[in-house]
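Here is the structure we will look at.
The values are calculated or read from the model by the stated rules, or taken from the named source; none is laboratory data. Not measured: the values here are computed from a predicted model. Using ideal geometry, Cβ is built from the backbone for each residue, glycine included, and neighbour counts are taken over all protein chains shown.
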Amino acid sequence: MNDKPAVRPDGYCGNTAPVSGSVRSINTTALGSKYARMNNRPYGACSCGRTGISVTDQGELYRHKPPQE
Ligand SMILES: [Zn+2]
């Protein structure tokens, strides 16, 4: 992929839109209700190559840094 999103001056990725189809919820029920409550959030991948990024209720990726080359 050559269309990587811009990186902000502070080093964080400037893209907040998850890659279409990459968002999924991790089923943590088997780990117990405490973990389920803490981690019951969807995760998505960014076009910068980062995966496993938490997604907000608004469907945007949390602030993250792109992976090192
Ligand atoms: Zn990114």
_Please go through the stretch 51-68 and give me each residue that is within 9 Å of the ligand (Cβ to nearest atom) and buried (at least 18 other Cβ atoms within 10 Å of the Cβ), ordered by number._
53, 61, 66
*Selected residue (criterion: modelled with the lowest pLDDT) from residues of the stretch 1-40 that are under 12 Å from residue 60 (Cα atoms) and not polar (S, T, N, Q)*: 23
